[in-house]
1. Where does the charge balance sit around Trp134 when Lys and Arg score +1, Asp and Glu -1, over other residues with C-beta under 13 Å from its C-beta?
2. If you average the sequence gap of Cα pairs under 8 Å that are 6 or more apart and divide by the length of segment 37-129, what percent do you get for the contact order?
3. Where does the charge balance sit around Ser84 when Lys and Arg score +1, Asp and Glu -1, over other residues with C-beta under 15 Å from its C-beta?
4. To the nearest 20 debye, what is the magnitude of the charge dipole of the chain about its Cα centre, counting +1 on the Cβ of each Lys and Arg and -1 on the Cβ of each Asp and Glu?
5. Which one, Trp94, Ser42, Tyr69, projects farthest toward the positive side of the charge dipole computed for segment 16-139 from Cβ point charges (K/R +1, D/E -1)?
6. Which residue, Glu81, Glu45, Glu106, has the most motion in a Gaussian network model of the chain that connects Cα atoms within less than 10 Å?
7. Once fully extended, how much extra length lies between Ser114 and Ser24, figured as 0.36 nm per residue of separation less the alpha-carbon to alpha-carbon distance?
8. Could you sort 73-79, 59-65, 119-125 so that the peptide with the highest average Cβ count within 10 Å comes first and the rest follow in order?
Amino acid sequence: MQNLRRMNQPAIYQFIRFAAVGLSGTAVQYLSIHAAVMWHLSLFEKSSAVTGSAIGYILGSIVNYVLNYFLTFSSGKSHAEAASKYFTVLGVGWCINYGMMSLLVERWQVWLWSAQIFTTGLVLCWNFAGSKLWAFKDQ
């Protein structure tokens, strides 16, 4: 049982660091939502909440890449390899975010902040798993 705890400990600490780093990207995303709603910004016939969330996710992911590369995973991979894999993972995360926000806000009429908080938690788990198991995983 002790060995099992030791094996899981680094993953738990990495997840905590990943989530802490993610706060910077989440702040960018939430500010983008606020700005889009305040200015009634809508692209591709989507609500301003969905538009702001989608734009903010992209902006926040750039900030998060740099911080996760150095602080969370201390990756030894080249930026070309790590970034291409990381942004592939985040691309899927963006699709999950966009789809869930569209479903929750536009279809089910969930309050935008409740929808975004739920979606953020879901995408956090996806992004961490993809980053740890593939994007930043050392050979």
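The values are calculated or read from the model by the stated rules, or taken from the named source; none is laboratory data. The structure presented is a predicted model; accordingly, all values stated were derived computationally and were not measured. With ideal geometry, Cβ positions are generated from the backbone for all residues, glycine too; neighbour counts draw on all protein chains shown. Remember, those area values only see protein heavy atoms, side chains included, never the ligands or the DNA or RNA. Shrake-Rupley method; radii C 1.70, N 1.55, O 1.52, S 1.80 Å.
1. +2
2. Values: 56 pairs, mean separation 26.2, N = 93.
Relative contact order here is 28 percent.
3. Combined, the nearby Lys, Arg, Asp and Glu give +2.
4. Values: 9 positive and 4 negative charges, 93 e Å.
Here the size comes out at about 440 debye.
5. Working it through, the farthest residue towards the positive pole turns out to be Tyr69.
6. The residue that fluctuates most here is Glu45.
7. Working: separation 90, 0.36 × 90 = 32.40 nm, distance 1.90 nm.
Extra length from Ser114 to Ser24 when fully extended: 30.5 nm.
8. Result, highest mean Cβ count within 10 Å first: 59-65, 119-125, 73-79.
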